[in-house]
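Notes for the one structure printed next.
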Amino acid sequence: MDQTTSRIIEMAWEDRTPFEAIETLYGLSEPEVIQLMRTNLKDKTFKNWRQRVSGRKTKHLKLRDPAVSRGYCPTQYKTKRSK
């Protein structure tokens, strides 16, 4: 799997990254992302992903709350703070 495919899969798994962002960056529509995921993931993993993103408002710009302005939750990427 190349870096581009890996990044698209990562973005597709992220709750707050809309399909439109993937299309803007990589030129893949939502059905094309679904096909890429089906091809590159194990069957059970693909089914889990589809169940997770189906109906998720943050995966579509038109459905998401305007307050969601970032592609990730502030607590998603925690860094270790030194004392």
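Please treat every number below as a calculation from the coordinates, not as lab data. On a predicted model such as this, the values are computed, not experimentally measured, just so you know. Positions of Cβ are backbone-derived with ideal geometry, glycine not excepted, and every protein chain shown enters the neighbour counts.
For the stretch 28-58, the set of trypsin sites (Lys or Arg not before Pro) satisfying both a DSSP loop assignment and a count of at most 10 other C-beta atoms within 10 Å is given as Lys42. Remark: the Cα gyration tensor places the stretch 1-60 in the oblate category, a/c being 1.5 or greater and a/b not exceeding b/c.
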